[in-house]
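Since the structure comes first, as structure tokens, the remarks are kept for the end.
The values are calculated or read from the model by the stated rules, or taken from the named source; none is laboratory data. The model shown is predicted, which means the values in this text are computed figures rather than measured ones. Ideal geometry is used to build each Cβ from the backbone, glycine not excepted, and the neighbour counts take in all protein chains shown. Just so you know, the surface numbers come from the protein's heavy atoms only, side chains and all, with ligands and any DNA or RNA stripped out. Shrake-Rupley method; radii C 1.70, N 1.55, O 1.52, S 1.80 Å.
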Amino acid sequence: LRAVDSTADVTVTMAAGDTTLVAGTVMARGDGGSGGTVQLLGDKVGVLDDSRVDVSGTRGGGSILLGGDFRGANAAVDNARVTYLAPRAALAADATVAGDGGKVIVWSDDTTRAYGSISARSAGPAGSGGTIETSGRRFLDVAGIRVDAAAAAGGKSGFWLLDPNNVTVLHGTAASDTNIVGTQFLAPASSSANSTISDGTLNTAMANFSLVRIQTTSDGAAGVGDIIFDGATNGAISISKSAADTFSTTLEVQAHNDIRF
């Protein structure tokens, strides 16, 4: 599905009462201006392998809402219960000639598995990188994800938000959700599943963002909302930024409940 407009905003919305799946290419590009908006909504939403959603524009990136809007807080946009981004899928909201990167939201009220590539890069001498969110209100799995909101020379790189219920930061490569068999990528994670993020994923992101935030919320249950830095299971955690980078990055940790090392 291709919607390209050089003079006005383009919005493509796909919404289902149950399941919305993308197996192909959805475009709302701005070939003479800013990119448009693509909304993929439903109870269960997935973008499958070798698929691409592209809202890039010559003068700025547009918006992709996969399963909801920022932190699931936009009452005008229905939230998904389960959201899936396959390992070989790509979401792009880049500025291609000049301007700021756009906004890409991957949200669910329960389970988000985001394994693919997401970009909201800027272009030109003053453009700033955009906003990327990968969040699941209860469970989040981002093993192997590639995220990039880098800025061209002179601009400021973007913002990446990860927002699960509880999360553990581990050294090395965090294992992905082993609950996935066949079409179970659209099934909620088991009640015992624990959201994990690897220090390797964070270190890679530090080269492409000015701000990386891990933020937990709570569904009202006691003791929910922890961020745990576990240096025992896989070895000591190492968070670092390359000395070759020409801009600073903040790693921000906000826990609804406890932060434990």
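Here the Karplus relation 6.51 cos²θ - 1.76 cosθ + 1.60, evaluated at θ = phi - 60°, turns the backbone of the stretch 30-35 into coupling constants of x, 7, x, x, 7, x Hz, with x for every Gly and Pro. Protection proxy ranking, highest mean first, for peptides 146-152, 58-64: 58-64, 146-152, where packing is the per-residue count of other beta-carbon atoms within 10 Å, averaged.
Packing here is the average count of other Cβ atoms within 10 Å per residue, and on that basis the peptides 226-233, 25-32, 161-168, highest first, run 161-168, 25-32, 226-233. Mind giving me the FRET efficiency for Ala232 and Asp31? R0 is 41 Å, r the Cβ-Cβ distance, nearest 0.05 is fine. So the FRET efficiency works out to roughly 0.20. A 1.4 Å probe over all protein chains sorts Ser238, Ser192 by accessible area into Ser192, Ser238, starting with the largest. Phi-derived couplings, Karplus 6.51 cos²θ - 1.76 cosθ + 1.60 at θ = phi - 60°, listed residue by residue for the stretch 117-124: 10, 10, 9, 9, 7, 9, 8, x Hz, with x used for Gly and Pro. Of the peptides 11-23, 199-211, 118-130, the ranking by mean beta-carbon count within 10 Å, highest at the top, reads 118-130, 199-211, 11-23. Of Phe139, Phe185, Phe261, the residue with the largest accessible area leads and the full order is Phe261, Phe185, Phe139 (1.4 Å probe).
Per residue, the chain exposes an accessible area of 40 Å² to a 1.4 Å probe, with every protein chain left in place.
Element breakdown for the stretch 17-116 at a 1.4 angstrom probe: carbon and sulfur atoms account for 45% of the accessible area.
Values [x] 40.3, 137; [y] 29.9, 99; [z] 17.6, 55 are given for comparison; Rg and Dmax of the Cα atoms in Å, derived from the coordinates here, is the one labelled [z].
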